Amino acid sequence: MPRADDQQPAAADVPASGAPRTVMSEADVARALRRIAHELVERNKGAHDLVLLGIPTRGVELARRLARLLHEVEGVEVPTGALDITMFRDDLRHQPTRAPLPTHIPSEGVDDRVVVLVDDVLYSGRTIRAALDALADLGRPRAVRLAVLVDRGHRELPIRADHVGKNLPTSHAERVMVRLSGVDEVPADSVSIALGETRAGRPSAPEGGNR
Amino acid sequence: MRHLLSSADLSRDDVRMLLATAAEMHEIQRRDVKKLPTLRGRTVINLFFEDSTRTRSSFEIAGKWMSADTINITGKGSSTSKGESLRDTVLTIDAMSVDCLVMRHMASGAAHQVSQWVDASVVNAGDGTHEHPTQALLDAYTMEQRLGSLEGRRVAIVGDLTHSRVFRSNAITLRTLGADVTLVAPPTLMPSGIRSWAERDGLHLSDDLDAVLADGPDAVMMLRVQRERMSGGFFPTPREYTVGFGLTRERLRALTDANPEAVICHPGPMNRGLEISADAADAASSLVLDQVSAGVAVRMAVLYHLLAGEEVTS
């Protein structure tokens, strides 16, 4: 049986000239999320009817953090869950299968709600396409919005984010690595760029995890 | 993984991945829309030369919920009843470019043989008295749902071991997951060669059900007495079998006294009053219906891992 083989290449695989370059520090990540939380409230005229759905793995952690910030800003508990898109991918035939990750829909459901999909990196847009399909099977939201920590460009589908932490111009030859404490075994959050291609839309495993 | 022919082909990691996938698939069963696009465009043929209700229907549902085209062919209605050989039948089906053959056959080793003839993936859905790997996976899944990890858990498998493919696959998968397995059967229904297997894989053997139950196992799996495979001489009368090896009301009480958390499994169909009493079959500790419910999720997981990923050439 093929193994879930989506580990990032080890640092040793990166050519010396392509040492990772940090583009967002922990403080930058925190500021970006805080701004997104404010934007969400502003756009929605309050936090009512919002549902945050993170796309595993790191989107779930980001959704959780946004919920915490929304609570600080508006004093409202925003229902938060996880939406796994493994079974909806359009490139299943191009890689070994992996076990799907948990989908958790808050008990309030998604019908007539404003669902905010949350992911770490927006790249080809194929993950979001799959997420929209997965969401359609769960109900009919009043609106769907997209919040991402990093938009690195190179879209292959007509999809855009409503809320972006940082626009990061990249080339296909680069990798964007988001590391979040609580998911990855790192002391602090960071976003960095290194040489070495990743397959677009392929979720990367938590650092140090064995998935 | 290209085929699923034997539980022995599955490593611990394979089993863990299949059960993790099944857990997510089980959640789909609670949704309004029970449909995933994952296997769109794939064709799954259920080729059943023996009667089956739950295995065949759960494979069919599993395929359909994942958007595969699923077709059932039974021995009775097919050209085999006109005298076509098994090889010609499966080659004919394979020539239609199907992706997966789910096969049940009365001959042990049939699925393995067919896997060497065809390009499609082959899933063994029961071959004679040999193996039934998806049943073992769903039994492990069901027990884990109730008991948590099976590592170190004590499981007794009771009944007609000689004719049971369910027991063979279960014993392998349970050992793969680290469970402690005791096999209980009358001496006439202990398969030949079981001792060397038991020694090699650390299985315990017993012909005393009462003693095993008094030990308070975490799970007791009752096997069906297979009347269709009994050509006499294994035990004198059904009544005698029940007295020695049936999970009667009294034995259920003894089990519950020894271990109040113990669960009861049966692969079905049950012979109520023969190997299992109505009290045991309908007890709160009985997982019989959970097993059926898990069957679809586990078979979705198997079809997904066999058919969704990149083409394996072997």
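The table for this structure:
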| item | result |
| --- | --- |
| Cα gyration tensor, region B:3-44 - rounded (a/c under 1.5), prolate or oblate | oblate |
| Packing-based exposure ordering (other Cβ within 10 Å, fewest first) of A:Lys45, B:Lys76 | A:Lys45, B:Lys76 |
| For B:256-267, mean number of other protein chain Cβ atoms within 10 Å | 0 |
| Equivalent ellipsoid semi-axes, the protein assembly as shown, via Cα gyration tensor eigenvalues times 5, rooted, Å | 49, 26, 21 |
| Sequence-distant lysines (8 or more away, or on other chains) whose Cα lies within less than 17 Å of B:Lys35 | B:Lys64 |
| Those lysines that a straight Cα-Cα span of less than 27 Å connects to A:Lys45, excepting residues fewer than 8 apart in one chain | A:Lys166 |
| Cβ-based exposure ranking for B:Arg299, B:Arg249, B:Arg227, in which fewest neighbours within 10 Å come first | B:Arg227, B:Arg249, B:Arg299 |
| Placed amide H near B:Leu4: partners under 5 Å, 5+ positions off or other chain | B:Val122, B:Val123, B:Asn124 |
| Rounded, prolate or oblate (a/c below 1.5 giving rounded, otherwise prolate when a/b exceeds b/c) for region B:38-79 by Cα gyration tensor | oblate |
| Inter-part distance where region A:96-150 and region B:134-189 are each reduced to a Cα centre, Å | 39 |
| Test item: A:133-139 mean partner chain Cβ contacts at 10 Å | 3 |
| Amide H contacts under 5 Å for B:Met66, placed H, 5+ residues apart | B:Leu36 |
| Cα shape, region B:133-291, gyration tensor, a/c 1.5 rule | rounded |
| Under 14 Å, Cβ to Cβ, from B:Lys82 - net charge with Lys/Arg +1 and Asp/Glu -1 | -1 |
| Average beta carbon contacts from partner chains per residue of A:96-107, 10 Å cutoff | 5 |
| Karplus-derived HN-Hα couplings along region B:279-285 (A = 6.51, B = -1.76, C = 1.60, θ = phi - 60°), whole Hz, x at Gly and Pro | 4, 6, 4, 9, 5, 4, 7 |
| Pairwise FRET efficiency - A:His71 versus A:Asp91, Cβ, R0 = 51 Å, nearest 0.05 | 0.90 |
| Region A:25-60 and region B:83-126: distance between their alpha carbon centers, rounded to Å | 53 |
| Over region B:133-291, relative contact order from alpha-carbon pairs under 8 Å, at least 6 apart, % | 25 |
| Cross-link reach list, lysines versus B:Lys76, counting only Cα pairs under 19 Å and skipping chain neighbours closer than eight places | none |
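Only the coordinates and a few stated rules stand behind these numbers; no lab work does. What you see is a predicted model, and the numbers here were worked out from it, not measured in a lab. Methodologically, a virtual Cβ is constructed for each residue, glycine included, from the backbone with ideal geometry; neighbour enumeration extends over all protein chains shown.
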